[in-house]
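The values are calculated or read from the model by the stated rules, or taken from the named source; none is laboratory data. Since the structure is predicted, the reported quantities are computational estimates derived from the model, not experimental observations. Glycine gets a Cβ as well: all are built from the backbone with ideal geometry, and neighbour counts include every protein chain shown. Remember, those area values only see protein heavy atoms, side chains included, never the ligands or the DNA or RNA. Shrake-Rupley method; radii C 1.70, N 1.55, O 1.52, S 1.80 Å.
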Amino acid sequence: MCSDLDSSLEWFWQEKVSDGLYLIRERFYECSKRANIWLLQGSQRDLVIDAGLGLRSLPNYLSGAGLIGSKPVLAVVTHIHFDHSGGLHHFDRVAVHREEAGALAKGDNFETVTWLFDREIVRCPQPGWKASHYRVKAVQPARVLDDGDIINLGDRQLTVLHMPGHSRGSICLHDKKNRILFSGDVECNGCMIDWFPYSNISDYIHTCKRLMTLVENNLVNMVLPGHFDAFDAEKLYNLASSYIANAGVCHTISSCAMRCIASLALWLKNFGRRVDQ
Ligand SMILES: [Zn+2]
Ligand SMILES: [Zn+2]
């Protein structure tokens, strides 16, 4: 029988991006919703950006793989959606933007947009496990983030940029010195979803203008998104400017219709679970 540590070690996959920077993914979650998890090793502390579903312990994996050691570790979530926040409960210290701190502390599975299917998990985490039982657990954040806050890792500093639109508490983390932007789901290599329950198109337009200003001021070289592959500043600029250009009346109407359907489906899913309990 596998120990918890053994099962965590095989559950994740990792790739070194550059010195002190790693991409980690959940191997058995086969779906476009599978989030990128980024590990930044600092001289004084390590930072985990997003935490995946949480079906296995990410900190156990990171220590078992020798990627974290005696330094303190902070897990920061780019936004509260389940594919990013589900694994936070395995960490001792968690940070989230102020707008989503209350929902995380309550374990609000409507705002986390929890939407998982059995077929997406290709290895069952434990006998009898069912996707319909999956929930994001409530987590009390150790740190509540605001726009402009600095997360200091010693030799690396990351600036918190509040970028609502996809969700109300979405953040990007900006490593100014290395011109890296961790974009979460704000910009995912072509995928910009603005029809979730707490999405907002006018906020998203403002966020896109801010992203374009970052590029115009030559502050971004590489974007490390919440899903899919990394991309460059030119693509970031084009994605942001296209969103603004296309966010007209037709887009607003179709997005609102999608939001109503998604909200109803999520509400029914969560209401159904409460009835089951
Ligand atoms: Zn999201
Ligand atoms: Zn996501």
Is there a residue in the stretch 95-103 that is among the small types (Gly, Ala, Ser), under 24 Å from Ala240 (Cα atoms) and free of Cβ contacts under 8 Å to residues at least 24 places away in the same chain?
no
Testing Leu67 on (1) out of contact with any Ser or Thr (no Cβ under 7 Å at 6 or more places or on another chain); (2) within 16 Å of ligand 1 (Cβ to nearest atom); (3) hydrophobic (A, V, I, L, M, F, W, C), one condition comes back false. Which one is that?
(2)
Can you confirm whether the stretch 240-256 contains a residue that is within 22 Å of the chain's Cα centre (by Cα), surrounded by 11 or more Cβ atoms within 10 Å (Cβ to Cβ), at pLDDT 95 or above and not aliphatic (A, V, I, L, M)?
yes
Could you go through the stretch 60-68 and let me know if any residue there is open to solvent by 10 Å² or more (accessible area, probe 1.4 Å), in contact with an Asp or Glu (Cβ under 7 Å, 6 or more places away or on another chain), within 24 Å of Ala230 (Cα to Cα) and touching a residue at least 24 places away in the same chain (Cβ under 8 Å).
yes
Odd one out for Ala51 among (1) more than 16 Å from ligand 1 (Cβ to nearest atom); (2) in contact (Cβ under 8 Å) with a residue 40 or more places away in the chain; (3) part of a loop (DSSP other than H, G, I, E, B); (4) not basic (Lys, Arg)
(1)
Subset of the stretch 248-262 (residues that are without any contact (Cβ under 8 Å) to a residue 60 or more places away in the chain and charged (D, E, K, R)):
none
Of (1) part of a loop (DSSP other than H, G, I, E, B); (2) open to solvent by 10 Å² or more (accessible area, probe 1.4 Å); (3) at pLDDT below 95, Arg119 fails just (1)
So if I check each of Ala265, Ala230, which one is open to solvent by 20 Å² or more (accessible area, probe 1.4 Å) and either closer than 19 Å to Ile49 by Cβ or among the acidic types (Asp, Glu) (or both)?
Ala230
Please determine whether any residue of the stretch 167-176 is surrounded by fewer than 17 Cβ atoms within 10 Å (Cβ to Cβ) and either under 30 Å from Leu266 (Cβ atoms) or at pLDDT 95 or above (or both).
yes
Looking at Tyr204 and the list (1) closer than 25 Å to Gly87 by Cβ; (2) within 16 Å of ligand 1 (Cβ to nearest atom), which single condition is not satisfied?
(1)
If you scan the stretch 74-96, which residues turn out to be away from ligand 1 (no atom under 13 Å from the Cβ) and either open to solvent by less than 10 Å² (accessible area, probe 1.4 Å) or part of a strand (DSSP E or B) (or both)?
Leu74, Ala75, Val76, Gly87, Leu88, Val94, Ala95, Val96
Please verify whether Val186 is under 14 Å from the mean Cα position of the chain (by Cα) and either among the β-branched types (Val, Ile, Thr) or within 16 Å of ligand 1 (Cβ to nearest atom) (or both), treating the condition exactly as stated.
yes
Can you confirm whether Val223 is surrounded by 19 or more Cβ atoms within 10 Å (Cβ to Cβ) and free of Cβ contacts under 8 Å to residues at least 60 places away in the same chain?
yes
State whether the residues of the stretch 3-25 include one that is open to solvent by less than 10 Å² (accessible area, probe 1.4 Å), under 15 Å from Asp175 (Cβ atoms) and not basic (Lys, Arg).
yes
Identify the single condition in (1) in contact with a Leu (Cβ under 7 Å, 6 or more places away or on another chain); (2) more than 16 Å from ligand 1 (Cβ to nearest atom); (3) in contact (Cβ under 8 Å) with a residue 24 or more places away in the chain that Ala131 does not satisfy, given that it satisfies every other one.
(3)
